[in-house]
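Colleague: Have a look at this one.
The values are calculated or read from the model by the stated rules, or taken from the named source; none is laboratory data. What you see is a predicted model; the values in this text were computed from it and never measured. Neighbour counts are summed over all protein chains in view; Cβ atoms, including those assigned to glycine, are modelled from backbone coordinates with ideal geometry. What goes into the accessible areas is simple: the full protein's heavy atoms, side chains included, and nothing from ligands, DNA or RNA. Shrake-Rupley method; radii C 1.70, N 1.55, O 1.52, S 1.80 Å.
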Amino acid sequence: MQTPDWQLDDNRFFDPDHTQRSLAAEIYAGIAHLPIVSPHGHVDPRLFADENASFGNPTELLIIPDHYVFRMLHSQGIPLEALGVPRRDGGAVENDPRKIWQLFAQNFYLFRGTPSGIWLQHELVSVFGIRQKMDARSAQAIYDEIAARLAQPEFKPRALYEHFGIEVLCTTDAASDPLLAHQAIRRSGWQGNIRPTFRPDTVVDLLAPGWAEHIQALGAQAGVEIVSYRSYIQALEQRRMFFKSMGATATDHAALAPYTEALSPGQVETIFQRALKNQASPQDVRQFNGHMQLEMARMSTEDGLVMQLHPGSLRNHNLEVFARFGPDKGFDIPTATEFTRNLQPLLQAYGRHPRLALILFTLDETTYSRELAPLAGVYPALKLGPPWWFFDSLNGMHRYFEQVMETAGLYNTAGFNDDTRAFASIPARHDVWRRLSANWLAGLVARHILDMAEAHAMAADMACGLARGAYRLDQ
Amino acid sequence: MQTPDWQLDDNRFFDPDHTQRSLAAEIYAGIAHLPIVSPHGHVDPRLFADENASFGNPTELLIIPDHYVFRMLHSQGIPLEALGVPRRDGGAVENDPRKIWQLFAQNFYLFRGTPSGIWLQHELVSVFGIRQKMDARSAQAIYDEIAARLAQPEFKPRALYEHFGIEVLCTTDAASDPLLAHQAIRRSGWQGNIRPTFRPDTVVDLLAPGWAEHIQALGAQAGVEIVSYRSYIQALEQRRMFFKSMGATATDHAALAPYTEALSPGQVETIFQRALKNQASPQDVRQFNGHMQLEMARMSTEDGLVMQLHPGSLRNHNLEVFARFGPDKGFDIPTATEFTRNLQPLLQAYGRHPRLALILFTLDETTYSRELAPLAGVYPALKLGPPWWFFDSLNGMHRYFEQVMETAGLYNTAGFNDDTRAFASIPARHDVWRRLSANWLAGLVARHILDMAEAHAMAADMACGLARGAYRLDQ
Amino acid sequence: MQTPDWQLDDNRFFDPDHTQRSLAAEIYAGIAHLPIVSPHGHVDPRLFADENASFGNPTELLIIPDHYVFRMLHSQGIPLEALGVPRRDGGAVENDPRKIWQLFAQNFYLFRGTPSGIWLQHELVSVFGIRQKMDARSAQAIYDEIAARLAQPEFKPRALYEHFGIEVLCTTDAASDPLLAHQAIRRSGWQGNIRPTFRPDTVVDLLAPGWAEHIQALGAQAGVEIVSYRSYIQALEQRRMFFKSMGATATDHAALAPYTEALSPGQVETIFQRALKNQASPQDVRQFNGHMQLEMARMSTEDGLVMQLHPGSLRNHNLEVFARFGPDKGFDIPTATEFTRNLQPLLQAYGRHPRLALILFTLDETTYSRELAPLAGVYPALKLGPPWWFFDSLNGMHRYFEQVMETAGLYNTAGFNDDTRAFASIPARHDVWRRLSANWLAGLVARHILDMAEAHAMAADMACGLARGAYRLDQ
């Protein structure tokens, strides 16, 4: 028996009801070809710095760097080593890409009904022209096809960027990053719109591994000797200005909890000095983080960078995996998150400030209707980011629309982020969002809550307009 | 281009599926014209005390008193002052009602897909006969139309009460309120059924602003000098009897958490004496509140007043807004709420008492399936109130039906409350509930879980019968 | 007027949309007649030990032992005594089964739209051939019909077991249980596949009523004198081996929270000695439980028994009911549950161990998408059990599919458990699961996320395959 073909149905993901489906298709038709606005993600800017950069082989493109993919394979007992995930100590892992690919292909059924399965299928079919479904038999033929495509000039990163219709792509970069790749892109004269984002987590989290070195690097890049909280703040402010000069419009902040607290100058200096001596306590870490969220908001009111907050992930849940393979290996697990009380100090200080824009994300969907939508529905500075990480999925989007929009209102949301490291999956991810947006709006039209003119306008905002506005990419 | 017309489609809010929609329409037709039972709300009784009372101008009717409306406008950066929200210090705010109306109209698109948008549209179309959609161009013409209607005798509050088919309307009144408006209504001979509800929050929360004055007022109204916990209880019991004599069938209690705890007579007296000396601690407040929930339940077993508990709102999240504009300005934000343990002392004491009726509300929807439905599905004294505040919405009702009914059973719920200050929105709110009830039941019929006879009976209960029974309005 | 007939529609529970319904019916047709795999439940094995065992009268079959049923009746004020629920002190309760039945029948409308109502209707129609709907008028006739059937040989437990097409049925048995009924079944030569499950809660929870006696019994059964933690562990290991020799493939563990913590040998011995002297503190109980979860996981890696964890129920919420009627009387109420941090010690120690299989259940649905699916989607040892207890319902299953599957993937779930004491309801419960599975898959096919071949394969896995695999019943 031959492996059957894959189909990308024109009406995929729309509600089966005929009325809603027709309306969804009509709304989607109006936004399908709009440019891609990608204001938050983790694509490596070096892909665009060198016009000859390439994605490597199919296994290097699709499996080894993608924790969404290898975590699912690992969950069924496949060792990470067998999937070629590199070890920190340089120890042996599988290095035959075709062997890894075969393992992936024969377990491809595990992705049934998952967003990873949907993105992979879309990417394979519409980017690489694959027709056969992936399984053990078709594996090597598909590998060959992808490899052949990747060798062609139109599959180089810059060519795909243009082919995908990307209007802007923002990367995520450490506060001490010299942004060499971004500088190289500018020098090259290539017209792609790649912008950095200022992410200071490793210099804000006093217990981050290597904090002292990160502080050193921060000071060196800023040309400031960091000996005090004051010089630390100077260095951060300078780096923010540098990022802004390189095109950044936003900062990004992770935290276990969105805790905020204003410390006095004396308190914060005392904690900072303890940290410089490597004597910070967990309580110091918590208070300093809480204080720095306020400081970052304050800086945003001054330099106009949009502030993003991504709380709630307990990183590196399994220390053995972390020790062997490092971070971002699929073992980051969400935790219950509280916003109402945690954000109160920040929102009292800056939540009604006309220059602050604060975009919130969550991994705790219970906060959508209980805390986030009520907060975004009244504080002028707040916008809600799209469904994040595990919730960047069909049902995740559906729940977001149903639980956020009635209370927050669409115009207090920030459109879509693809948040991906997997550059070639970007069109797939935006397509899912646009289809689900169209389907949600179609449901409101079918229930006579909106008319089609309203739905068309809202769909275009959801596809591009809200993201441009929320990230100040239109200014 | 002319502003298009508004349509109130006969099938609005029903599922697009043809089968479910037809069934929903049939079920709805059986309940659409039933009288309105409004057992919990915040309409000002003075509207009915004077037969010539009026609603003021359109801006005074629809914008200035409605925090649902002005919070959404504020969330997009419009200052509350520009919307005419009065300042506590009497400072200047916009006082041109047409200017405020214009701002409202040009931002009316913000309400797309929100319950406020749905209520406003229903009210404008079916109460005031407006046909044009609201936007910047139609704003002043619509203002004129509404103003003209409001000047007519059939748009006075008593006339609308009758026109709306209201069977009973319960207000919410402070424990020390002399209920002058209710007395005036009785004296006037008007036949409207307006009843007070006993709400003692400001005399129970020891740290409520002005607690001492409220206690004074309570004592004065009760004819009791409050010098001890014992005299305090006497005063409360007397006031409850007075409210009951004025037609009240229920009490209402707010709390940050539904914490309950039985204190000994010595403990409670000690705390009360500290409070009289203005020395109560936060711990005292918490314990006293917890104790008073038990006391109120005990009183209910004696006087038969139905007890309502509305926990979970962190009031006045932004202290600057509170200082400038006072309470109820859209800055009350929900918090995670725990019922299983918090209510255990109360439910052990009175949860199986044949005379207690306790109606619970929540702003934390996670408690629907996890705590509230399991509790209501076994304790005879418990009923669940309808989806509250932010959840009095299409999706809020849908989630409530899906998450509560299977475990609690319909007959352990309390029907609908409109809970509104906006009198003219009452028909719109009940209509949404009736349509969503019909649609939910239609889905059960379409899935062969109920037959139509059952659905019709349940729909009538949801529209009126359950509320009458739960609030003892049928006794 | 005659009481109308009951209908069990062929398409019941399927989505009303024509496309989805047709697909669901087609998928369901492929699994409707597969054997029943029941890997977790509470049926009394004595029903099968004696070939002449019987279910008693209709009231003894359907009402008195079923807390799902009598809790709903009690919630409307009917005393448990009036429903024949036996008192611990032997005090008088209603003992006329027809009187109890009449009360049940006239209140049968309370079960509209509840899973109990659906199971009861299915059981009455398809097991007992009842046609009339249950109400006050039909009550005694229906009683007569059921009683007549129960007297027939084909309604004895063993006959129904075969008639139902059960492949395997696992019971739940205390760690100290001699498994006499299971031994009798084996000796009888009857071919039914009834297996015990090892449940050590009463010997692990140091404050369980009668802990000392349970420890005594455990030691006696194991042939070990339990004087130390070490001998306690020996006894547990021996009992596990005995259960395994009697066909057990799994253990089962309840806990208020899924807290895990590794204690040192000295710490655990100290706590155990305090417990032997009846001096254990609440903190001891918590730590000992947390430690024993780790120990049980360790034993599972050695003896291969699948470990089940059922946390989150606050048992016996009403102490008066507990004192009078004992446990399992409908007053067990869920609480918020945390898995990410609580399970971290256990998952770090054994979560990637190739021999551990840990099946998690929850009564807190917020953990589906936030914690459980992300954990099961990466840890090889983890599988998620089906929706449990209150969530073994149409909407409970729907939420489980929508909130778990995208992130965990179907193959990290454990199929279905009926978890019932009510043997005659088993086909009804599996039928609901199969219909809802088919309907969920049909929705994915209708949205072009799966093709029909995939859906058919997944449906069969959901009906039987996943349960067989997860519980190692196929080894």
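Colleague: Using only the alpha-carbon atoms of the protein assembly as shown as identical scatterers, what base-10 log of I(q)/I(0) does the Debye formula give at q = 0.05 Å⁻¹?
Modeller: The Debye formula, applied to the Cα set alone, gives -0.40.
Colleague: Also, quick follow-up: How large a share of the accessible area of chain C, in percent, is made up of carbon and sulfur atoms when the probe is 1.4 Å and the other protein chains stay in place?
Modeller: 51
Colleague: A follow-up question, please. Considering only DSSP beta bridges with both partners in chain A, what is the antiparallel share in %, to the nearest 5?
Modeller: 10
Colleague: Under a 1.4 Å probe, what is the accessible area of region A:54-155 per residue, stated in Å²?
Modeller: That works out to 37 Å² for each residue.
Colleague: Output the pairs from B:Lys383/C:Lys329; B:Lys244/B:Lys383; C:Lys133/C:Lys156; B:Lys244/C:Lys133 with a Cα-Cα distance over 31 Å in this structure; if there are none, say none.
Modeller: B:Lys244/C:Lys133
Colleague: Binning every alpha carbon pair distance of region A:335-421 at 10 Å from zero, what are the percents per bin?
Modeller: Reading the bins upward from 0: 18, 52, 26, 3.
Colleague: For the protein assembly as shown, give the magnitude of the charge dipole about the Cα centre (Cβ charges: +1 Lys/Arg, -1 Asp/Glu; no others), in debye to the nearest 20.
Modeller: 1220
Colleague: Then there is this: Kindly tabulate the residues in region C:69-106 with an accessible-area decrease of at least 10 Å² between the chain alone and the assembly of all protein chains, using a probe of 1.4 Å.
Modeller: C:Arg71, C:Met72, C:His74, C:Ser75, C:Gln76, C:Gly77
Colleague: In whole Å, largest first, what are the principal axis extents of the Cα atoms in region A:126-278?
Modeller: Principal-axis extents of region A:126-278 (Cα, largest first): 65, 40, 25 Å.
Colleague: Further, regarding this structure: Explain nothing, just the number: dipole magnitude of region C:54-155 about its Cα centre with +1 on each Lys and Arg Cβ and -1 on each Asp and Glu Cβ, in debye rounded to the nearest 20.
Modeller: Result for region C:54-155 is approximately 260 debye, rounded to the nearest 20.
Colleague: Normalised by the number of residues in chain C, what is the relative contact order in percent for Cα pairs under 8 Å and 6+ residues apart?
Modeller: On the way: 803 pairs, mean separation 95.9, N = 475.
Reported relative contact order: 20 percent.
Colleague: Using the charge dipole of the protein assembly as shown (Lys, Arg: +1 at Cβ; Asp, Glu: -1 at Cβ; taken about the Cα centre), state which of C:His42, B:Pro153, A:Gln344 has its Cα farthest towards the positive end.
Modeller: A:Gln344
Colleague: Still on this model: Length gain on complete extension for the stretch A:Arg131 to A:Glu51, per 0.36 nm per residue less the alpha carbon to alpha carbon distance?
Modeller: Additional length available on full extension: 25.9 nm.
Colleague: On the Cα set of region C:54-155, report Rg and Dmax in Å, please.
Modeller: So, for region C:54-155, Rg and Dmax equal 13.2, 39 Å respectively.
Colleague: Got a sec? Which residues in region C:242-266 would a label at C:Ala208 touch, if it sits 7 Å along Cα→Cβ and we count backbone N under 11 Å?
Modeller: C:252-255
Colleague: Further, regarding this structure: Need one value for C:108-118: mean number of C-beta atoms belonging to other chains within 10 Å of its residues' C-beta atoms.
Modeller: Rounded to a whole number, the mean comes out at 5.
Colleague: Counting only DSSP beta bridges with both residues in the protein assembly as shown, what percent are antiparallel, rounded to the nearest 5?
Modeller: Taking every DSSP beta bridge within the protein assembly as shown, about 10 percent pair in antiparallel fashion.
Colleague: Take the alpha-carbon centre of region B:127-180, take the same for region A:118-197, and report the distance between them in whole Å.
Modeller: That distance is 59 Å.
Colleague: OK, next. For chain A, I need the span (max minus min coordinate) of the C-alpha atoms along each principal axis, in Å, sorted largest to smallest.
Modeller: Its Cα atoms span 74, 60, 45 Å along the three principal axes.
Colleague: In debye, nearest 20: dipole of region A:255-376 around its Cα centre with unit charges on the Cβ of K, R (+) and D, E (-)?
Modeller: Dipole size: approximately 120 debye.
Colleague: Turning to a different aspect of this structure: Taking Cα centroids, how far is region A:360-388 from region C:240-283 in Å?
Modeller: Going from one Cα centre to the other spans 42 Å.
Colleague: Using alpha-carbon positions, what is the distance between the centroids of region B:447-475 and region C:419-475, in Å?
Modeller: 34
Colleague: Am I reading the C/A interface right? What is its buried accessible area, both sides, 1.4 Å probe, to the nearest 100 Å²?
Modeller: In total, this chain pair buries about 3800 Å².
Colleague: How big is region C:393-475 on each of its three principal axes, counting only the C-alpha atoms and giving the largest first in Å?
Modeller: Cα spread of region C:393-475 along its principal axes, largest to smallest: 39, 31, 22 Å.
Colleague: Which of C:Ala53, C:Val85, C:Leu23 sits farthest toward the positive end of the charge dipole of region C:20-85, with +1 on the Cβ of Lys and Arg and -1 on the Cβ of Asp and Glu?
Modeller: Of C:Ala53, C:Val85, C:Leu23, it is C:Leu23.
Colleague: Can I ask one more? Mind giving me the FRET efficiency for A:Ser228 and A:Arg298? R0 is 22 Å, r the Cβ-Cβ distance, nearest 0.05 is fine.
Modeller: 0.80
Colleague: Now for a different question. What full-extension length gain, to one decimal in nm, is calculated for B:Arg315 and B:Arg341 as 0.36 nm per residue of separation minus the Cα-Cα distance?
Modeller: 7.1 nm
Colleague: While we're looking at this one, here's another question. With unit charges on the beta carbon (Lys/Arg positive, Asp/Glu negative), name the residue among C:Ala220, A:Ile333, C:Ala422 whose Cα is farthest towards the positive pole of the charge dipole of the protein assembly as shown.
Modeller: C:Ala220
Colleague: Another question, if that's okay. Compute accessible area for region C:16-61 by itself and then with all protein chains, 1.4 Å probe, and report residues whose area falls by 50 Å² or more.
Modeller: Those residues are C:Pro16, C:Asp17.
Colleague: Just give the residues from region C:317-350 buried by at least 40 square angstrom of accessible area in the all-chains context relative to the isolated chain, probe 1.4 Å, and say none if nothing qualifies.
Modeller: Those are C:His317, C:Asn318, C:Phe331, C:Ile333, C:Pro334, C:Thr335, C:Thr340, C:Arg341, C:Gln344, C:Gln348, which lose 40 Å² or more relative to the chain on its own.
Colleague: Another one. Reachable aspartates and glutamates from B:Lys99, Cα under 15 Å, same-chain residues fewer than 8 places away excluded?
Modeller: B:Glu60, B:Glu81, B:Asp135, B:Asp144
Colleague: Treat region B:1-88 as a sphere of radius equal to its Kirkwood radius over Cα pairs and apply Stokes-Einstein at 4 °C in a medium of 1.567 mPa s; give the translational diffusion coefficient in µm²/s, rounded to a whole number.
Modeller: Values: Rh = 17.7 Å.
Estimated diffusion coefficient is 73 µm²/s.
Colleague: From a point 7 Å beyond the Cα of B:Ala457 in the direction of its Cβ, which residues of region C:84-108 have a backbone N at a distance under 11 Å?
Modeller: C:106-108
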